[in-house]
Amino acid sequence: MTAVLDERRKRILYRGNHRGMKEADVMLGGFVTAHVATLSDEQLDRLEALLDELDVDIMDWVIGKKPVPAAHDTDIFGMILAYKPYE
């Protein structure tokens, strides 16, 4: 990432990459690293709210083990599901 990030985006980048659960670090961290510079303020709000959730819950939603709560069934969650780091 070559863009200079403001403090909020730097904080979100850190939170996305330092989750505590390796799978979440890879999935969320990869997504955040790729997209944080271009997300709108409203999207950042939704991403921060998602990052407040537990890794196990987020991973359950991603793999379909549990339904995604309406509060997090947003464009951001859809972007995370569509994110393919190796394509």
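List of remarks:
- Restricting the stretch 76-87 to residues that are surrounded by 11 or more Cβ atoms within 10 Å (Cβ to Cβ) and assigned to a loop (DSSP other than H, G, I, E, B), the residue that is modelled with the highest pLDDT is Tyr83.
- All helices (runs of 4 or more DSSP H) inside the stretch 3-75 with 2 or more residues being touching a residue at least 24 places away in the same chain (Cβ under 8 Å) and exposed (fewer than 12 other Cβ atoms within 10 Å of the Cβ): none
The values are calculated or read from the model by the stated rules, or taken from the named source; none is laboratory data. This one's a predicted model, so the numbers in the text were calculated from it and none came from an experiment. Neighbour counts are summed over all protein chains in view; Cβ atoms, including those assigned to glycine, are modelled from backbone coordinates with ideal geometry.
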